[in-house]
1. Just a yes or no: is a residue in region 295-303 in the same structural domain as S366 (by TED's automatic domain parsing) and in contact (Cβ under 8 Å) with a residue 60 or more places away in the chain?
2. Got a sec? Which of L167, L90 is touching a Lys or Arg at 6+ places or on another chain (Cβ under 9 Å) and either touching a residue at least 60 places away in the same chain (Cβ under 8 Å) or in a strand (DSSP E or B) (or both)?
3. Taking into account only those residues within region 36-54 that are of a type in the set (S, T, N, Q) and within 29 Å of the chain's Cα centre (by Cα), which is surrounded by the fewest Cβ atoms within 10 Å (Cβ to Cβ)?
4. Which of the residues that make up region 379-416 are surrounded by fewer than 13 Cβ atoms within 10 Å (Cβ to Cβ), under 22 Å from I365 (Cα atoms) and away from the ligand (no atom under 12 Å from the Cβ)?
5. Against the conditions (1) in contact with an Asp or Glu (Cβ under 6 Å, 6 or more places away or on another chain); (2) under 22 Å from K160 (Cβ atoms); (3) not β-branched (V, I, T), where does A42 fall short? Just the number, please.
6. Has region 134-155 got at least one residue that is surrounded by fewer than 11 Cβ atoms within 10 Å (Cβ to Cβ), at pLDDT below 90 and under 27 Å from the mean Cα position of the chain (by Cα)?
7. Might you let me know whether region 428-438 holds any residue that is in a loop (DSSP other than H, G, I, E, B), at pLDDT below 85, surrounded by 15 or more Cβ atoms within 10 Å (Cβ to Cβ) and within 13 Å of the ligand (Cβ to nearest atom)?
8. Scanning for something on the phi < 0 side of the Ramachandran plot and at pLDDT 90 or above, does region 327-347 turn up at least one residue?
Amino acid sequence: MSGRRRKKAIPDGYTAACKAYRFRAYPALPQLIFFHRNFGCARKVYNLILADNTEKHGKDEDWDGEYDQHTPAEYKGRFPYLKEADSFALLNAQLDAENAFVNHRKNPGHFGFPNFRAKHFSRKSYTTNIVRYKRKEKDTEGNEVLIETANIELSGNYLKLPKAGWLKLRMHRQIPADAAIKSVTVTEEPSGAVYVSILTERIERIRKGFYEEISEEAEAAKAKPPKPFRMLRVAGLDYSSPHFFVSSDGYAADMPHWFRLSEEKLAIEQQKLSRKVPYSSNYLKQKKRIARLHEHIAAQRRDWQEKEALKLAERYDVISVEDIDYKGMAGSLKLGKSTNDNGFGQFLSILDRKLKAKGGVLIRISRWEPTTKTCQCGYVNPDVKLGMQTITCPACGRTYDRDRNAAMNILKAGVKILLEEIENRGTHGVRLTGEIPAGSSIFLCVA
Ligand SMILES: [Zn+2]
């Protein structure tokens, strides 16, 4: 996969799509030592560039807005050990420092003045880039031949990295054969687990957006009368603290029981930590155990969310969700921990990605719609309070589940946005047939 270099122009209708693949790595001891040195050297270069700049141009409010470019080579005389590091790791640290200043200049409200990277509180990672070159070799008959090779290569379960050699990976998934490696980031998590993230580039056909496809179908329908309908499977999702989400079809996505077990285990291990003498060797060991468990839980959650999102993306074309400020919600409603930890925001971005890949769309509706208080009959009930699961409507007398009702209202609001959006794109005569949200499908008449 590292063989061919792509300099050719990308054909029309295609694009270079980047995708990262993350694998667990099992470095041998010398490799681990090399990684630790590299993390340190990259951090050193970053800090040196930061120090030289703040000395000359001031820092925080006193910064004069200037940035001097420094290269790692300037520091190798004073710090000869930098020569042992992967030079791309140092170059990328230089680029990081530059970006930190540029970002701060562009948007000081969002990006604070660059900070020094402390040994124990910064992320242990470095990035290295691929270089492809030709090497002369002799074939079996003694003739010289040029072999295409690269400083980074994948072969079986092994990844070759500059100066580190062949690193063992657990390849839980395949990288497509036509994806070209661009760079690799090596990271050590607080638990001590090492991961590599392989960034690849692949020439892919540009997928049309959901609305563009609908517009094209409408155009085609005008020219040729048949096939005027497109069935869209739609759903609304309401974030629910105990269930993660409830759909307008009444499906409640409960976190699996093993997730609870992991969380209970974490609580026990944290209790154990509190009984240990701070910074004793047992304390540090326990800390590492907890870090490992945290990573395990995060991986479990992500895995489960990916699977739930895939199921939804396969089942529906259009999914409507409420654009809630979850941070604000966690603070104000004392749902604190579970709201934050569930990572509904992360779930929505996964869902968005999966829907797009299948030609669907995720619609975010305003968080100020009274989705919980409105009954399907249209009555807005001011007496609905947080914590009420079942609600009886005083206007129509129906009793319903609060979360599912909210999901149905989110679906209604989403469909409204969907229709407006399609109209705005010049698709005339869009009409909805059927009742929403009686079922999970609607017919969209585009003729
Ligand atoms: Zn009602």
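The values are calculated or read from the model by the stated rules, or taken from the named source; none is laboratory data. Note that the structure is predicted; figures quoted are calculated from it, not measured. Every residue, glycine as well, gets a Cβ built from its backbone with ideal geometry; the counts of neighbours run over all protein chains shown.
1. yes
2. Answer to the check: L167.
3. Only one residue tops the list, namely N47.
4. P382, K385, L386
5. Among (1) in contact with an Asp or Glu (Cβ under 6 Å, 6 or more places away or on another chain); (2) under 22 Å from K160 (Cβ atoms); (3) not β-branched (V, I, T), the lone unmet condition for A42 is (1).
6. No: region 134-155 contains no residue that is surrounded by fewer than 11 Cβ atoms within 10 Å (Cβ to Cβ), at pLDDT below 90 and under 27 Å from the mean Cα position of the chain (by Cα).
7. Checked region 428-438: no residue is in a loop (DSSP other than H, G, I, E, B), at pLDDT below 85, surrounded by 15 or more Cβ atoms within 10 Å (Cβ to Cβ) and within 13 Å of the ligand (Cβ to nearest atom).
8. Yes, region 327-347 contains a residue that is on the phi < 0 side of the Ramachandran plot and at pLDDT 90 or above.
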